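Throughout, read-outs are computed from the coordinates displayed, never taken from laboratory work. Computed from a prediction, not measured in an experiment: that's the story for all the values here. With ideal geometry, Cβ positions are generated from the backbone for all residues, glycine too; neighbour counts draw on all protein chains shown.
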Amino acid sequence: MTQNNITIGKSAVEATPLGLGTNAVGGYNLFPNLKDEDGLNLVTAGLEHGIRLLDTAFVYGLGHSEELVGQAMKAFDRHSFSLATKGAQDFSSGEQVINNDPAFLTQQVDASLQRLNTDYLDIYYIHFPDKQTPKAEAVGALQRLKEQGKIRAIGLSNFSVEQVKEANADGYVDVVEDEFSLLHRDHETDLMPYLHDNHISFVPYFPLASGLLTGKYDQTVSFPADDIRSQITDFQEPRYSQALAAIDRVRPIAAAHQATVTQAILAWYMADPLVSVVIPGAKRADQVVANAQALDLTLTPVEYATIDQAFAGFKTKASGKSLADPD
């Protein structure tokens with residue numbers, strides 16, 4: 001692998017610039033027809049092919065993704081990779097409520113440790129902000145867990161730039177995760193520069209825009225109602241046709257490197273100075289292996305600029321999120 005490891009925020013956590021998102025590992029509440037065996041195999045493939053950051057969450061299968069990731073990683077040296085998970089979803093009332101209460105977050109970290117069968121988490125993210133808990137108090141709970149050795153880096157997910165600033169009042173935040181892709185560029189003007197200036201890492205999720213940026217789709221595609229993509233505006237006009245046109249401009253760059261469109265797009269993120277680790281998801285081990293090959297692909301400055309320009313139209317569209325945040 002030609003890429004150097006990156007350091008997460010102000011912590012001692014290291015990772016490759018390409019990680020693995022595992023919402024399709026045990027995330028039966030997100031995707032139809034998932035098989036546990038496939039999930040185990042794709043996590044194994046990632047670790048075998050040089051990926052050094054696994055990203056999961058309680059809400060992926062309500063703990064099942066964490067359990068599967070924990071099973072798959074048993075065969076590997078725990079200190080050879082970094083592990084991130086997320087929590088904030090409280091089901092104690094029978095319905096999902098977002099809860100950042102310090103006592104609740106502390107319980108959630110302990111529960112995640114148990115499901116993952118590990119005694120520390122490299123990164124723990126507050127998955128969503130709630131409406132009532134002061135942000136710095138929530139982060140303070142994670143700081144105490146960091147001092148106890150249960151977590152090594154403190155993360156926030158789906159926080160606005162204003163919420164991140166509030167949460168980082170004591171300088172404890174190491175990493176922020178949010179939606180960002182060549183189709184969703186809102187954060188380039190506010191959130192990402194703030195993070196860069198404050199030595200906070202940025203990890204984009206949905207970097208391949210739910211598969212759209214892989215180049216495998218055309219005008220004939222449609223999705224069943226139980227597929228998460230059926231709810232996403234990127235797959236609706238006019239955004240869909242605009243995305244396909246931009247992707248066509250990436251194809252010759254990919255071909256010049258004997259690479260796929262996916263690999264060229266992932267290489268673009270890894271070359272972006274405001275991006276720390278990119279975490280594409282996958283449903284099959286062969287997809288993970290192919291994604292990992294992007295670690296060996298380095299774009300020229302001209303190629304980077306060409307891809308950036310191909311998707312420049314999406315900078316001016318306030319796209320919002322692919323999926324609505326839970327209330």
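For the pairs 35/135; 131/321; 86/283, flag any whose C-alpha to C-alpha distance is greater than 29 Å.
35/135
With everything on Cα atoms, drop me the angle between helix 239-256 and the longest principal axis of the chain, reported from 0 to 90° to the nearest 10.
Taking the Cα atoms of the chain, the angle to 239-256 is about 80 degrees.
Per 20 Å bin, what is the whole-percent P(r) computed from every C-alpha pair distance within the stretch 6-314?
Spelled out per bin, shortest first, that is 34, 60, 6.
Using 16 Å as the cut-off for backbone N distance, which residues of the stretch 181-222 belong to the label zone defined by a point 7 Å from the Cα of residue 237 along Cα→Cβ?
Label zone hits: 218-222.
Using a Gaussian network model of the chain whose springs link C-alpha atoms within less than 10 Å, name the residue from 14, 137, 95 with the highest mean-square fluctuation.
The residue that fluctuates most here is 95.
Give me 316, 233 sorted ascending by neighbouring Cβ count inside 10 Å, so fewest comes first.
316, 233
Below 8 Å, C-alpha to C-alpha, sequence gap of six or more: please give me the relative contact order for the chain in percent.
Relative CO of the chain lands at 21 percent.
Using the Cα gyration tensor of the stretch 171-327, with a ≥ b ≥ c the square roots of its eigenvalues, what is the shape: rounded (a/c below 1.5), prolate (a/b larger than b/c) or oblate (neither)?
It is rounded, given that a/c, with a ≥ b ≥ c, falls under 1.5.
Based on DSSP H runs of at least 4 residues, each adding -39500 (n - 2.57), what is the mean residue ellipticity at 222 nm of the chain after dividing by all its residues, to the nearest 500 deg cm²/dmol?
After summing the helix terms and dividing by residue count, I get -10500 deg cm²/dmol.
For residue 144 paired with residue 119, estimate the spin-label separation in nm (one decimal), with each label point 7 Å from Cα along the Cα-to-Cβ line.
So the two model labels end up 2.2 nm from each other.
Taking the chain as a Gaussian network, Cα atoms linked when under 10 Å apart, which of 292, 264, 245 shows the biggest mean-square fluctuation?
Answer for the Gaussian network model of the chain: 245.
So how far apart, in nm, are the two label points at residue 217 and residue 169 if each is 7 Å from Cα heading toward Cβ?
Roughly 4.1 nm, to one decimal.
How would 286, 234 line up from fewest to most surrounding beta-carbon atoms within 10 angstrom?
Ordered by Cβ neighbours within 10 Å, fewest first: 286, 234.
Taking only the C-alpha atoms, wrap a convex hull around the stretch 1-145 and report its volume per residue in Å³ as a whole number.
Taking only Cα atoms, the stretch 1-145 has a hull volume of 115 Å³ per residue.
Take the chain, connect every pair of alpha-carbon atoms lying under 10 Å apart with a spring to form a Gaussian network, then pick out the residue of 133, 56, 22 with the largest mean-square fluctuation.
Among 133, 56, 22, the largest GNM mean-square fluctuation belongs to 133.
Take residue 77 and residue 248, extend 7 Å from each Cα along the Cα→Cβ direction, and tell me the distance between the two endpoints in nm.
4.9 nm
What residues qualify as long-range amide H neighbours of residue 121, i.e. H under 5 Å apart, gap of 5 or more or another chain, H built at 1.01 Å from N?
Hits under the 5 Å cutoff: 151, 152.
Residue-wise, which Karplus ³J(HN,Hα) couplings in Hz belong to the stretch 197-210, taking 6.51 cos²θ - 1.76 cosθ + 1.60, θ = phi - 60°, and x for glycine or proline?
5, 10, 6, 10, 6, 10, 10, x, 9, 6, x, 9, 6, 6
Using only the alpha-carbon atoms, what does the stretch 81-192 span along each of its principal axes? Please give whole angstrom values in decreasing order.
For the stretch 81-192, the Cα extents along the three principal axes come out at 38, 35, 28 Å.
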